[in-house]
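> Provided herewith is a single structure, encoded as structure tokens, for subsequent inquiry.
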Amino acid sequence: MFKVNKNPPGISYFVAPAYLLFGDNEIAMHGILLVPVLALGLATYLLAKEFNVNPFLATLYSMLTPAVLVSGLTVMSDMLMAAFYAWAIYLWVHGIGQKKALLLPLSMLCVAGSFLSKYYGMTSLLVILAYTLFRERKPSWKLLWLLAPVGAAVLYELYTRRLYGTGMLYEAFAFQYHEPGNVTNKIRLPGRAVVGLSFLGGCWIPLLFVAPLVCPWRRCGVLAGASAALVGLFCLARWDRLDWRYSGGFLFYAEWVLFVFAGLVLFCILIDDLLGHRDPLSVLLLLVITGTFGYAAFINYSVNARTILPMAPAVGLLAARALERTSSAAATASKWRVWTPLLPAVAVALAAVWATAPGPTPRAGLSTTPGSN
């Protein structure tokens, strides 16, 4: 089994109590894995409060998305990793902000938990390191805590090497770069960027409906044209490899353009936020979103919704912050507009949940629609 499973065993230990109490019961498995979903939402809420962003707005724009709703109903390790990831960042940010030293080792425990759920969780250390250096403007003794999860990762690698004859971290990295079936070995960097943007927009679909409120119409037009051009160039470059029989025709490509458009909107909002604030939160959002996107699009063996889950709180905070800035500049009677994009976004997210639910017959187009898997 260790040769097949390229993930650490954290999820197995997490669901073990449910299995012990209820046996091989699917409802129990799904029930216990709703705990990380709730934990992710609570961490988003607390992070928003920490940075004086509307916590309800941020949490809703983070959680009511295809990425979270679909992934939250699966029995996989990604949601557990994302929950630990978010709590590690919150506990560290709150600990150094409120000078609560006890929270720093708790944050490192969450980093270790995230790593033992999925190896990408260790990158939360890089986010914490960069955030602390930007906030403190100098090295701090607090950063010594970051050595604890690094030590845990080293011990894990040594232990698995002794147990199986090969380290599990080494095996995961070898699979990442040398497995011939990996998507990242088949598509060049520009193509990966287009696929990554489509998943980004499809998974965080509220950005599609937020765009008219936070972006000038002229910019929206430019982004829409750029989206259509990127999808067109991708299709031309891979004309002989696309399976046109199952593409779904014009509607499929229109959907693809909309997803890429929403992904570009995310980066436009991110750049606006960074240039407009230049504060610790803008740096934190930049690190989490660009880091997660870079890994999902250019490094991971395939692009999928689960890989970009760690950016869920960051996307929620970014959208809420942009909408708050828009509403503060608008008339008081127009402030309800910040909530209206949630209505179509929730409808799309629920449709994605229905489309991916198990049934007697497979739904057409699931394997070909960017952002839906």
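> Among the listed residues Gly165, Gly97, which satisfies the condition of being at pLDDT below 95, surrounded by fewer than 15 Cβ atoms within 10 Å (Cβ to Cβ) and at positive phi?
Values: Gly97 fails: at positive phi.
It is Gly165.
> For Phe298, indicate whether it is surrounded by fewer than 19 Cβ atoms within 10 Å (Cβ to Cβ) and over 23 Å from Pro341 (Cβ atoms).
Details: surrounded by fewer than 19 Cβ atoms within 10 Å (Cβ to Cβ): yes; over 23 Å from Pro341 (Cβ atoms): yes.
When the stated conditions are applied, Phe298 passes them.
> Here's something else I'd like to know. Being among the hydroxyl-bearing types (Ser, Thr, Tyr), surrounded by fewer than 19 Cβ atoms within 10 Å (Cβ to Cβ), over 23 Å from Trp145 (Cβ atoms) and touching a residue at least 12 places away in the same chain (Cβ under 8 Å): is that true of Thr74 here?
Considered against the rule, which asks whether it is among the hydroxyl-bearing types (Ser, Thr, Tyr), surrounded by fewer than 19 Cβ atoms within 10 Å (Cβ to Cβ), over 23 Å from Trp145 (Cβ atoms) and touching a residue at least 12 places away in the same chain (Cβ under 8 Å), Thr74 comes out as yes.
> Which condition number does Asp78 fail, the rest of (1) within 27 Å of Trp204 (Cα to Cα); (2) in contact with a Gly (Cβ under 6 Å, 6 or more places away or on another chain) being met?
(2)
> Sticking with this structure for a sec: Exactly one condition in (1) surrounded by 17 or more Cβ atoms within 10 Å (Cβ to Cβ); (2) over 30 Å from Thr166 (Cβ atoms); (3) at pLDDT 95 or above is false for Pro105; which is it?
Just one mismatch for Pro105, condition (1).
> Same structure again: Can you pull out the residues in segment 6-51 that are part of a loop (DSSP other than H, G, I, E, B) and either modelled with pLDDT of 95 or more or in contact with a helix residue (DSSP H, G or I) (Cβ under 8 Å, 6 or more places away or on another chain) (or both)?
As a first pass, look at segment 6-51 and keep what is part of a loop (DSSP other than H, G, I, E, B): 6-9, 23-25, 33, 51.
Once the filter is applied, which keeps residues that are part of a loop (DSSP other than H, G, I, E, B) and either modelled with pLDDT of 95 or more or in contact with a helix residue (DSSP H, G or I) (Cβ under 8 Å, 6 or more places away or on another chain) (or both), segment 6-51 yields Lys6, Asn7, Pro8, Pro9, Asn25, Leu33, Phe51.
> For residues that are within 25 Å of Thr74 (Cα to Cα) and not aromatic (Phe, Trp, Tyr), tally how many sit in segment 283-304. Let's see the steps before the verdict.
Within segment 283-304, the subset within 25 Å of Thr74 (Cα to Cα) is 288-289, 291-304.
From what is left, the residues that are not aromatic (Phe, Trp, Tyr) are 288-289, 291-292, 294, 296-297, 299-300, 302-304.
Selection size over segment 283-304: 12.
Condition check ((1) modelled with pLDDT of 90 or more; (2) part of a helix (DSSP H, G or I); (3) not assigned by TED's automatic domain parsing to the domain that holds Val315) across all residues:
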position: Ile187; (1), (2), (3): no, no, no
position: Arg192; (1), (2), (3): no, yes, no
position: Ser198; (1), (2), (3): yes, yes, no
position: Gly202; (1), (2), (3): yes, yes, no
position: Phe209; (1), (2), (3): yes, yes, no
position: Cys220; (1), (2), (3): yes, yes, no
position: Ala229; (1), (2), (3): yes, yes, no
position: Gly232; (1), (2), (3): no, yes, no
position: Leu251; (1), (2), (3): no, yes, no
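> In addition: Is it the case that Val288 is in contact with a helix residue (DSSP H, G or I) (Cβ under 8 Å, 6 or more places away or on another chain) and under 23 Å from Gly191 (Cα atoms)? Before the answer, list the steps.
Values: in contact with a helix residue (DSSP H, G or I) (Cβ under 8 Å, 6 or more places away or on another chain): yes; under 23 Å from Gly191 (Cα atoms): yes.
Criteria met by Val288.
The values are calculated or read from the model by the stated rules, or taken from the named source; none is laboratory data. Just so it is clear, the structure is predicted and the values come from calculations on it, not from any experiment. A quick note on method: Cβ atoms are made from the backbone with ideal geometry, for glycine too, and the neighbour counts reach across all protein chains shown.
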